[in-house]
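Asker: Encoded as structure tokens, here's the structure I'll be asking about.
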Amino acid sequence: MALTVTSLGAPRKVTLRLAWWGNPTRDERTLKTVEMYTKLNPHIVIETETTGWAGYWDKLASQAAANNLPDIIQHDYAYITQYAERNLLLDLTPYVKAKTLDLTGVAETFTSGGMVKNKLVGVSLGTNAFCLAYDPAVLKKAGLNPPAPDWTWADFEKMAATIYNKTGVLTPVFCSTDPKVAFDNMIRQTGASFFDPSGTKLGFTDTALLKEFYQIQLRLLKAGMMTKPEVGFLTVTPQESEFTKGNEWITFVWSNQFVMTQEAANRPLEMALMPTIEGAKQPGTFLKPSMFFSVARSSKQAKEAVKFINFFINDVETNKVLLAERGIPIVPQVRNALKEMVTPVNRQIFEFIDLAGEHSSPIDPADPPGAGEVLNLFRTIDQEVLYGAVSPENAAARFMKEANTVLGRNR
């Protein structure tokens, strides 16, 4: 659908087109923001274009082919590199330097996801990070302190053992639906990436850490401290999970899943960073943009488009309307203002994102073609290791060989 917000009596009308995918809540809040902006800037007319996710990218591709892109485009991490490499998106770096786009106080880890070949082509509208959700009551019963930001995988194993010995509560298999996410955090700590930036091979060659990823789980499993794989790999709803039932002390989630996890568990939960490996060169955690605003390179009103984006991310009153529906804001003063308005559980997420921002490194490039096949392979082999069908050594060798074969098709 297309909706237009106009202002009368403007000295020189400037028309901007703004496109996003959304839902009724996002649409309502975004339109209210447009109304607020045009009231302050009566010479601006903003034509809005909103569709659901399914049709959004087909429509945008058609507009790009016709050289008719909207001035302001809501973008996604999976697509932004493709559009940037086709030279369809404006480099916003000069506008940041001129403070037309004010990113004062915004850490590099919040902006790196919008960088393509050293150009800022997207401004993150919200932030997400991977974490552990844990049951503080179980830790208290076991006489343990909460995990510190710099805790290690050795600490994790000791904690898991103490919890099991004192409470009988188990440790889950690591990220049962997508175990690559847990390993990705580990391999990033070495300074490598899971996928090579070229997209034609894996980003690491040494299998020692992959074998250790398997061996940590096997040690816990063989000691009876880990949920059996035949239970752990079942696909269930959050309400049916072993963590919700109180049989596990942690669960692996993205920060935007914490509210749902808390509601399912129906008891107080806390959030922690993933453990560190021995000799880590950098944090494995990264801040993932939920979505971006980009400006089309073809826009004839680029400066005005950037001014709107600046208002959208920096204005506190505007963000009180948006209420972090697109994710945790990247601007510190906006985050701090919203913390006082949200529910206690949402406040935990805000505080965790602050913590993650202090203990994170830049995000890796978007996954290459064939990534889905590689992730399925990783999960299959992880299952085979925990079922005892293959040794960690043979599993690691097989994964490296088969994954590189898949990615080699991109050459």
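Each value in this text was obtained by applying a stated rule to the coordinates, not by laboratory testing. Quick caveat: nothing in here was measured; it's all calculated off a predicted structure. Methodologically, a virtual Cβ is constructed for each residue, glycine included, from the backbone with ideal geometry; neighbour enumeration extends over all protein chains shown.
Asker: Rounded to the nearest 500 deg cm²/dmol, what is the calculated helix-only ellipticity per residue at 222 nm for the chain, with -39500 (n - 2.57) per DSSP H run of length n ≥ 4? Walk me through the numbers on the way to the answer.
Answerer: Details: 17 runs with 181 residues, N = 411.
Counting only the DSSP helices, I get -13000 deg cm²/dmol.
Asker: In the P(r) worked out for segment 126-206, what percent of Cα pairs fall beyond 20 Å?
Answerer: Numbers: 1530 of 3240 pairs.
Of all Cα-Cα pairs in segment 126-206, 47 percent lie more than 20 Å apart.
Asker: How large is the Rg to Rh ratio of the chain when both quantities use alpha carbon positions and Rh follows Kirkwood? Before the final figure, lay out the partial values.
Answerer: Details: Rg = 23.0 Å, Rh = 23.0 Å.
For the chain, the value is 1.00.
Asker: Also: At 37 °C and 0.692 mPa s, grab the translational diffusion coefficient of segment 310-374 from Stokes-Einstein with a Kirkwood Rh over Cα pairs, rounded to a whole number in µm² per second. Each step should come with its number before you reach the end.
Answerer: Details: Rh = 13.6 Å.
Reported coefficient: 242 µm²/s.
Asker: Okay, moving on. Taking K and R as +1 and D and E as -1, what net charge do the other residues with C-beta under 14 Å from the C-beta of LEU355 add up to? Write down the numbers at each step before the final one.
Answerer: Details: positive: ARG335, LYS339, ARG347; negative: ASP150, GLU270, GLU351, ASP354, GLU358.
Neighbourhood net charge equals -2.
Asker: Mind checking the dipole of the chain: about its Cα centre, +1 per Lys or Arg Cβ, -1 per Asp or Glu Cβ, Debye to the nearest 20?
Answerer: 760 debye
Asker: Can you tell me the mean projection area, over all orientations, of the convex hull of segment 33-98's alpha carbons? Units nm², please.
Answerer: Details: hull surface 24.1 nm².
Over every viewing direction, the Cα hull of segment 33-98 projects on average to 6.0 nm².
Asker: Given THR343, ALA396, LEU18, which one lies farthest toward the positive end of the charge dipole of the chain, if we put +1 on the Cβ of every Lys and Arg and -1 on the Cβ of every Asp and Glu?
Answerer: After comparing all options, I get LEU18.
Asker: Through the Karplus equation 6.51 cos²θ - 1.76 cosθ + 1.60, θ set to phi - 60°, convert the phi angles of segment 211-223 into ³J(HN,Hα) values in whole Hz; use x for Gly and Pro.
Answerer: Result, ordered by residue: 4, 5, 4, 5, 5, 4, 5, 5, 4, 5, 5, 5, 7 Hz.
Asker: Right, something else. Return the percentage of antiparallel bridges among DSSP beta bridges fully within the chain, rounded to the nearest 5 %.
Answerer: Values: 25 of 38 bridges.
Rounded to the nearest five, the antiparallel share is 65 percent.
Asker: Turning to a different aspect of this structure: Between THR15, THR207, THR343, find the one with the highest GNM mean-square fluctuation for the chain; connect C-alpha pairs within less than 10 Å.
Answerer: THR343
Asker: Sticking with this one: Report, by chain and number, residues whose modeled amide H sits under 5 Å from the one on LYS119, excluding near sequence neighbours (fewer than 5 apart, same chain).
Answerer: Here nothing satisfies the definition.
Asker: Can I ask one more? Provide PHE194, PHE204 in ascending order of the number of other Cβ atoms located within 10 Å of each residue's Cβ, fewest first.
Answerer: Working: PHE194 22, PHE204 19.
Ascending Cβ contact count within 10 Å gives the list PHE204, PHE194.
Asker: Taking amide H atoms as placed 1.01 Å from N in the peptide plane, list the residues 5 or more away in sequence, or in a different chain, whose amide H sits under 5 Å from that of LEU89.
Answerer: Answer set, sorted by chain and number: ARG297.
Asker: Here is a follow-up. What are the ³J(HN,Hα) values, in whole Hz, obtained from phi via the Karplus relation 6.51 cos²θ - 1.76 cosθ + 1.60 with θ = phi - 60°, for each residue of segment 94-107 in sequence order, with x given for Gly and Pro?
Answerer: x, 6, 5, 4, 7, 6, 5, 10, 8, 10, 4, x, 8, 5
Asker: Pairs LYS281/LYS339; LYS59/LYS300; LYS39/LYS300; LYS201/LYS228; LYS97/LYS180: which are spaced more than 27 Å apart, C-alpha to C-alpha? Could the numbers behind the result be given before it?
Answerer: Numbers: LYS281/LYS339 32 Å; LYS59/LYS300 21 Å; LYS39/LYS300 22 Å; LYS201/LYS228 33 Å; LYS97/LYS180 38 Å.
Pairs exceeding 27 Å: LYS281/LYS339; LYS201/LYS228; LYS97/LYS180.
Asker: Any idea which of TYR79, ALA371, ASN41 is furthest toward the positive side of the dipole for the chain, if Lys and Arg beta-carbons carry +1 and Asp and Glu beta-carbons -1?
Answerer: So the residue we want is ASN41.
Asker: Taking the C-alpha atoms of segment 239-345, how large are the radius of gyration and the largest Cα-Cα span, Dmax, in Å?
Answerer: Here Rg and the maximum Cα pair distance are 18.6, 59 Å.
Asker: Let me ask something else about it. So, counting K/R as plus one and D/E as minus one, what does the shell of residues with Cβ under 14 Å around LEU92 add up to?
Answerer: Working: positive: LYS97, LYS99, LYS117, LYS119, ARG297, LYS303, LYS307; negative: ASP71, ASP91, ASP102, GLU304.
Taking every Cβ under 14 Å from that of LEU92, the sum is +3.
Asker: ³J(HN,Hα) across segment 149-157 via Karplus (A = 6.51, B = -1.76, C = 1.60, θ = phi - 60°), whole Hz, x for Gly/Pro?
Answerer: Each residue's phi maps through the Karplus curve to give x, 9, 5, 10, 5, 5, 4, 4, 5 Hz.
Asker: Mind listing the long-range amide H neighbours of LEU125? Cut-off is under 5 Å, sequence gap 5 or more, other chains count too, H placed in the peptide plane at 1.01 Å from N.
Answerer: Sorted by chain and number, the residues that satisfy this are SER290, MET291, PHE292, PHE293.
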